[in-house]
Amino acid sequence: MKFFFRRKQTARLKAVIIGAGEVGVQVADHLASEDKDVVLIDTNAAALREAAESMDIKTVHGQGDSPVTLKESGVERADLVLAVTDSDATNIIACLFANKLWPEAVTLARIRNEDYTRGQEDLINGVLGINTLVNPEREVVKVIERMLSLPGILEYNEFADGLVKMVSLQVDCGPMVDLQLFDFSKVVPEDIIVAAIERGDKLIVPSGQDRILAGDIVHFMTLPGNMRVLRRASHYYDQEPARSVFIVGGGNTGFLLARYLEDLGYSVKLAEVDEERSLFLAEKLHDTLVLRGDGTDRFFLKEENIGEMDAIVALTGYDEENVLIGLLAKSMGVGHAIVRVNKREYHPLVETIGLRFYVNPRTAAVNSIMRFIRRGQVMASVTLGDDEGHVIEIIAQSGSRLVDTPLFELGLPKGSLVLAIVRNGKAIIPTGQDVILAGDRVIMLANHRVMAKVETFFTPLHTDLSDGE
Amino acid sequence: MRVKGVFGIIGMLLLVVGGATLIPFGVAVYEHESRVAWSFLATMMVLVGGGGSLSFFLNRKQIDELTHREGVLTMGFGWLVVCLCGALPYLFSGALTSVPDALFESFSGFTTTGATIISDIEAMPRGILMWRALSHWLGGIGIIVMFLSMLPFLGIGGAQVYRLELPEFFGERVTPRVSESARVLCTAYFLFTIVLFWLLFLGGMNAFDAVCHTFTIVASGGFANYNDSMASYTSPFLQWVMIIFMFLTGMNYAVHYKLLHGNLKSLLRDEEFRFYFLIVLVFTLIVTMFIAPQEGPLAGGETGNSFRTSAFQVVSIMSTTGLTTADYTLWPMLPQALLLVLMFIGGCGGSTSGGFKCMRVLLLLKCVYDELVMLLHPRAVRRLKMSRASISNDVVNSILHYLVIYLLGALICAILLAAMNLDLLTAFSSALSCISCVGPAFGLPGADGNFAEFPGLAKIVLSLGMLLGRIEFYAVLVLCMPTFWRE
């Protein structure tokens, strides 16, 4: 019987994605690999062909904001409409038409312009009725701030309103190297566990036999208050949080970052080449020192005393330039270099040349979109590694297979792991004997290949009957 | 130039002032000062007659079409006419016999300066004392309404900064906006008047003194009913009440208006207010440090109150009220120099205070700071800001022009005084004090702001100085604007 219900549940959620840019393709890839019906719309035929070759999706060539194209894509039976082109206006209009054509569909628009974000209420409620907006730049800004305030930490995420934290560190030396995970609790307190290990481009969901090797990126799950212990164990303790930050590139992200940081009391310098843009920035930013200059200019960096600054953040539109700025600033003695790299192909290279910290706005956008798609049951979703794994936070529902059974008897698929259970405002790092109760918040890790299978565990069985085809 | 409209408005002003003479008239009748009562009756007849015939010209349409430039010119002329007419009761009643004396007292009253030429104030009839205080109070309303409802639209002297403060009063034409904003701004003014009266009355002042001193403080004027200004009120309660209210009158009334609507955040965000508060605080502490060692004689003959005395003097001079509780000319030189600086700075724009105004000083200081930043960071891109809003270069330019005119005005005034053989300290400090509408000065007038011994011509020069300072040279500047004549 259970087998039968599971089949029903995974059947055919239909998503229309407008925009075959990096975000669109990424989201399409995710959904397709989870056995969803995906239609991708774009004006760029080449991009569509490329996407269709690598994924099992349908593509439609045309303007995403045109009702004709939308009809052609079959929006009238879609569950989800995701408008993620680079143009805010196109996204908004596409959502409006989708709403008109098929009011049942849940619509999402990717919005970059701050002004629209301010008018969020109007866009979401009222006549416009777009269901949600994602602003990837905002996510990026928060991620960068965490990197600055917690040096040595590659990624940082909070779950269950901050009761559980996930911290990713590169382990090079210290007591954790070559440690078998059985013995892990001899080195650190018991409320820290290893959620996943990233080695090269492989993501390992560990068991007790696995070891941490030097150079691994380790994702730890921890209760609050263990940050110092972790950083000491990984020998990052000597690095102080950054207070002075030099941002290169006053685009949307650079501007938002400067504003976010100056509000938090950082000392911020922001370099922008374009004269008009720099005037705009000087007007909108209050405590940031706006400079007109080229971040790749050695003398400019020297003039602004880059060697004395704690961190440089390179956010120009060109990956290559960002990497060069990072290297140049490093050679001049800056504390950290955080560079934006959009092209996936560059990621391993960036790591090799010693720029450890890179931010990928695409990942942030995909994270927030996936989080939205899983809404209802899933409170938060974070991707790990190169989208190899997801950490999701769900509320265990009564009637689902997850509850009332000890973890070791659940039979969760290999490649998935229950990381933490939050009950009545208290978080526990579970062992095999622990039992999940209905209403608990559960934080789980799942390899993307088993994601669809894992989803069946937290879906209540009886709703399947009523929703069944 | 719509002459009829201008005359009509001046006529209305005269009618209002004429009506106001009923108050001192009533006081005079109550006190059985028959000659004073008759003089007010005569003044009222002149004002009402003149005002009535002028407002005969009043033409609704023409007033509606009045532009801001014409509006300011009207205010300039109006102020002049009211000041001239205000001298009548002094002359009619025989309280003052010379014309320059009467003019000086009237100008000093309506411009809320508070300098006097009466050597024995306590001997004056009560009706006249009431008239002096009332002229402050009327002048106070005039300046708030003028500064906040008309000047922001002219863009002279950087007043356009305040355009941001008053989004709801936006408009090109004067009248409907003026009456609306006047109503709103006067709410705070009336409220202060009522609250302050009760506090002074409860603090032990007799009703008559409480009314007069309320008028004088709310308008940041400076006329007191006693020869030694406020020195006879030694009660700490009364002094603190006066300090607080003098401080309040030095604040922008647009801010008061927002405060009354419960918008406390706007106060903390207002950079001009923060600057004003900081200066008051720092200067008070420095002055306290300097006078504390010789507390007894310097701080009004009592010990233990040097902080209060310093605060009173600093707030009084900075808000350009000009009341005193101690003779600051006996203080060490540094506190005196600081008070002289405060005479120049003055209170915030949109208040009843005079002076160069905190906003302008702050903006110029910011310009200097930006220049220094540019030296350190040659490629920095700076935008001048006030309370987080961008300020254009035009504003800075007009403030610089205003600075030149202000200093030039004070300089010419001082040189004219020196030409009448007054000593340098007297000449310069009196000129600054009058143009900033403070009242007391250094040298001959001293801390009581008594200009009785000045030659008659000097009194006329200072009267004009007060008027020009009060209307911020605008009427003159407007006349200098080429566009004014072109249209």
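The values are calculated or read from the model by the stated rules, or taken from the named source; none is laboratory data. Worth saying up front: this structure is predicted, and the values here are computed from it rather than measured. Note: ideal-geometry Cβ built from the backbone for every residue, glycine included; neighbour counts use all protein chains shown. The area values use the complete protein model at the heavy-atom level, side chains included, leaving out ligands, DNA and RNA. Shrake-Rupley method; radii C 1.70, N 1.55, O 1.52, S 1.80 Å.
The lysines within cross-link reach of A:Lys58, meaning a Cα-to-Cα straight distance under 23 Å and a gap of 8 or more places when in the same chain, are A:Lys8, A:Lys14, A:Lys36, A:Lys71, A:Lys100. Total lysine pairs in chain B at Cα distances under 27 Å, for residues eight or more apart or on different chains: 11.
What is the mean number of Cβ atoms from other protein chains located within 10 Å of the Cβ atom of each residue in peptide B:281-294, rounded to a whole number?
Numbers: counts 0, 0, 0, 0, 0, 0, 0, 0, 0, 0, 0, 0, 0, 0.
Mean partner-chain Cβ count within 10 Å for B:281-294: 0.
Full extension from B:Val404 to B:Ala418: what is 0.36 nm times the residue separation minus their Cα-Cα distance, to one decimal in nm?
Numbers: separation 14, 0.36 × 14 = 5.04 nm, distance 2.05 nm.
My answer for the length gained is 3.0 nm.
Mind ranking B:231-240, A:405-414, A:86-95 by how tightly packed they are, going by the mean number of other C-beta atoms within 10 angstrom, highest first? Kindly include the intermediate steps, with their values, before the conclusion.
Working: B:231-240: 16.1, A:405-414: 13.3, A:86-95: 20.6.
The peptides rank, most packed first, as A:86-95, B:231-240, A:405-414.
Only helical runs count toward this figure. For chain B, summing -39,500 (n - 2.57) over DSSP H runs of n ≥ 4 and dividing by all residues gives -21000 deg cm²/dmol at 222 nm.
How crowded by other chains is B:381-388, given as the mean number of beta carbons from other chains within 10 Å of each beta carbon? Spell out each step's value before the answer.
Details: counts 17, 5, 10, 2, 4, 0, 0, 3.
Averaged over the peptide's residues, the number is 5.
Helices in chain A, meaning DSSP H runs of at least 4 residues, each add -39500 (n - 2.57). Divided by all residues, the mean residue ellipticity at 222 nm is -9500 deg cm²/dmol. Which percent, nearest 5, of DSSP beta bridges in the protein assembly as shown are antiparallel? The antiparallel fraction comes to roughly 55 percent.
Order the peptides A:28-39, A:171-182, B:70-81, B:281-292 from the highest to the lowest mean number of other Cβ atoms within 10 Å of their residues.
Descending mean neighbour count gives B:70-81, A:28-39, B:281-292, A:171-182.
Ordering B:93-106, B:18-31, B:111-124, B:424-437 by mean Cβ neighbour count within 10 Å, with the highest value first, yields B:424-437, B:111-124, B:93-106, B:18-31. Annotation: average projected area of chain B is 23.0 square nanometres, based on the convex hull of Cα atoms across all directions.
Accessible area buried by the pairing of A and B, both sides summed with a 1.4 Å probe, works out to roughly 1300 Å². Inter-part distance, segment A:295-324 to segment B:68-112, computed on C-alpha centroids, equals 66 Å.
When only Cα pairs under 8 Å and 6 or more residues apart are kept, what is the percent relative contact order across chain B? Spell out each step's value before the answer.
On the way: 862 pairs, mean separation 86.8, N = 487.
Computed value for chain B: 18 percent relative contact order.
As a test of understanding, state the convex hull volume per residue of the protein assembly as shown from its alpha carbons, in Å³.
Numbers: hull volume 217.2 nm³, N = 956.
Spelled out: Cα convex hull of the protein assembly as shown, divided by residues, is 227 Å³.
Our summary gives chain A a relative contact order of 12 percent, counting only alpha carbon pairs under 8 angstrom and 6 or more residues apart.
For A:298-310, what's the mean count of beta carbons from other chains sitting within 10 Å of each residue's beta carbon? All intermediate terms of the calculation are to be shown ahead of the outcome.
Numbers: counts 0, 0, 2, 0, 0, 4, 5, 2, 0, 0, 0, 0, 0.
Taking the mean over all residues of the peptide, I get 1.
Between segment B:32-55 and segment B:231-263, how many Å separate their Cα centres? For segment B:32-55 versus segment B:231-263, the Cα centre distance is 34 Å.
Using the 1.4 Å probe convention, the accessible area of the protein assembly as shown works out to 41 Å² per residue with neighbouring protein chains retained.
In percent, rounded to a whole number, the relative contact order of segment A:68-116 is 42, using alpha-carbon pairs under 8 Å and six or more apart.
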